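Taking it in order: structure first as structure tokens, then the write-up.
The values are calculated or read from the model by the stated rules, or taken from the named source; none is laboratory data. These figures come from a predicted structure and were not determined experimentally. A quick note on method: Cβ atoms are made from the backbone with ideal geometry, for glycine too, and the neighbour counts reach across all protein chains shown. Ligands, DNA and RNA are stripped out before the accessible areas are found, and what is left, the full protein with its side chains, is counted by its heavy atoms. Shrake-Rupley method; radii C 1.70, N 1.55, O 1.52, S 1.80 Å.
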Amino acid sequence: MTRHRPIRRTFGPAALALAAVVAAATATAAAPAPAGPLPAVTPRAETPALHDDEAGGNADADDPAIWRNPAAPSRSLVIATAKEGGLRAYDLDARPVQAIAAPPAERPDDAPGRFNNVDLVHGLRLSSGPADLAVTSDRGHDRLRFYRIDRDRPGGPLTDVTDPAVPPVFSADQAEINGQRTAYGLATWRDRATGRSYALVSRRERTRVALLELTPGRAGKVTYRTVRTLDLPSSFRLPDGTSWSPCAEPGELPQVEGMVVDPATGTLYAGQEDVGIWRLRADLTGKPRLVDKVREYGVPGVYDEETEECTPGADPGYGGKRVAADVEGLTLIQESGGGGHLLASSQGDDTFAAYDRAAKKGNAYEGGFRVAPAGGTLDGSEECDGAAALNEPLGPKYPHGLLVVQDGHDAPGEGDRPSTNFKFVDLGRVVQALHD
């Protein structure tokens with residue numbers, strides 16, 4: 001989530017090297033912009049507001065995941081991160097079911113726990129038996145955390161099953177962890193060929209993505225090991241022969257946050273916030289391809305140290321037409337036979353873009369939509385960070401599935417107090433809007 005950071009639209013450090021994939025990436029063709037305004041869908045429910053201040057426990061809504069209860073679909077759950085506010089579980093009426101605090105700081109001067117993104121693993125074989133898990137990136141401690149899901153467990157459906165000895169994902173020591181270039185974006189993946197489960201984790205303010213294998217520990221706990229890492233480009237060759245890097249504070253690189261894996265093909269889609277959407281193998285082998293670019297791609301600018309903002313220059317016209325930086329939450333609407341859509345949150349203009357799920361068709365753009373106010377106090381979604389879709393029946397409230405999106409500015413709010421939450425949208429209405 002980056003809405004509290006300065007706008008980043010100019011050259012980064014001069015020493016950034018070009019990656020080998022850049023030539024292919026920048027060749028991605030830009031299709032014409034869609035004609036007319038995008039259709040609007042409205043939410044059916046919203047979670048209570050979270051407040052990113054001391055009185056509110058520094059809770060800031062970020063990323064959701066949808067867990068389907070196969071025995072009773074109407075008793076399914078939405079599990080979502082709240083940054084320093086930890087983890088939240090909601091029922092399908094958007095009512096709180098459980099709140100789990102993020103782990104405290106190791107020492108007074110260390111960073112506290114901060115849950116950034118969340119995803120699910122189904123049927124992981126533990127020493128205590130198979131389990132569905134919520135997996136979250138703890139940015140504050142540079143670790144993954146694991147929570148077993150049991151809808152009918154007294155005291156709440158989520159139980160912490162993190163091995164106490166889980167290692168940092170990227171950092172060498174506590175001093176590096178405190179610098180907060182730590183675990184950030186997250187997507188899970190089960191390799192159908194081997195049955196092994198993995199998490200793909202991005203690094204804050206870096207272009208690195210790590211593949212972690214999830215493994216059972218003792219007494220029903222879960223840990224992980226790093227399989228490999230991959231660095232996406234940080235600098236790009238433009239058609240006019242010049243090189244360009246997105247604007248950043250000195251030392252920052254264009255990071256990835258939103259990620260999702262297509263389970264049918266083992267394809268990872270990764271949103272590099274100020275660049276665009278990448279498609280690559282979930283095992284992090286092979287060559288990444290740029291599915292689409294943000295509109296601001298290639299725009300030069302000057303970073304001002306005093307204001308911590310960037311002043312953009314003239315647009316050379318090399319950007320895309322559908323998403324405005326930052327490209328954020330990515331999720332899939334899965335349909336039978338490999339059909340469906342890849343959805344991306346276009347945070348810069350409060351819209352969502354939909355692409356053909358089929359990679360062999362080049363993930364062609366198929367339309368977009370907005371999540372608009374439903375009237376009264378039920379507003380829409382602005383500056384959306386995380387999103388999750390589940391195209392399965394969830395009882396009478398959502399017989400055609402559910403889309404959950406983060407709202408970066410919950411209204412009416414409480415004056416200047418930061419207010420965020422999650423909106424619940426009938427997925428059937430989304431699909432209809434894309435097909436009309």
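Assorted remarks:
- Structure-based [θ]222 nm, the chain - -39500 (n - 2.57) summed over DSSP H runs of at least 4, per residue, nearest 500: -1000 deg cm²/dmol
- Violating pairs (Cα-Cα greater than 31 angstrom) within the set Lys321/Lys423; Lys83/Lys287; Lys221/Lys287; Lys321/Lys397; Lys83/Lys397; Lys83/Lys221: Lys83/Lys287; Lys221/Lys287; Lys321/Lys397
- Which of Gly258, Thr182, Gly220, positive extreme of dipole for region 176-269 (C-beta unit charges): Gly220
- FRET efficiency for the pair Asp436 and Arg107, taken as 1/(1 + (r/R0)^6) with r the Cβ-Cβ distance and R0 = 51 Å, rounds to 0.35.
- For region 132-203, the per residue solvent-accessible surface stands at 37 Å², with DNA, RNA and ligands left out and a 1.4 Å probe.
- Counted charge near Gly195, where neighbours are those whose Cβ lies closer than 13 Å (Asp, Glu -1; Lys, Arg +1): +2
- Relative contact order (percent, whole number), the chain, Cα cutoff 8 Å, 6+ residue spacing: 18
- Prolate/oblate/rounded call for region 359-436, Cα gyration tensor, a/c under 1.5 rounded: prolate
- Size descriptors for region 298-436 (Cα atoms only): Rg and Dmax, in that order, 17.3, 54 Å.
- For the chain, with all protein chains in place and a probe radius of 1.4 Å, 49% of the accessible heavy-atom surface sits on carbon or sulfur.
- Shape metrics for the chain, restricted to C-alpha atoms - Rg then Dmax, Å: 20.4, 63
- Our Cα-only numbers for region 137-194 put the radius of gyration and Dmax at 14.4, 41 Å.
- On a per residue basis, region 340-436 carries 37 Å² of accessible surface, using protein heavy atoms and a 1.4 Å probe.
- Debye intensity ratio in log₁₀ form over the Cα atoms of region 62-154, taken at each q of 0.19 Å⁻¹: -0.89
- Each residue was assigned an accessible area with a 1.4 Å probe, and for Lys287 the value is about 110 Å².
- Relative to the compact-globule estimate of 2.2 N^0.38 Å, the Cα radius of gyration of region 337-396 comes out at 1.32.
- 5 Å binning of all Cα-Cα separations within region 175-257, expressed as whole percents from 0 upward: 3, 13, 17, 19, 16, 12, 9, 6, 3, 1, 1, 0
- Kirkwood hydrodynamic radius computed over region 215-364 comes to 17.0 Å, based on all pairs of distinct alpha carbons.
- With the convex hull drawn over the C-alpha atoms of region 113-245, the volume per residue is 138 Å³.
- No disulfide-compatible partner, judged by a Cβ distance under 4.7 Å, exists for the following cysteines of the chain: Cys384.
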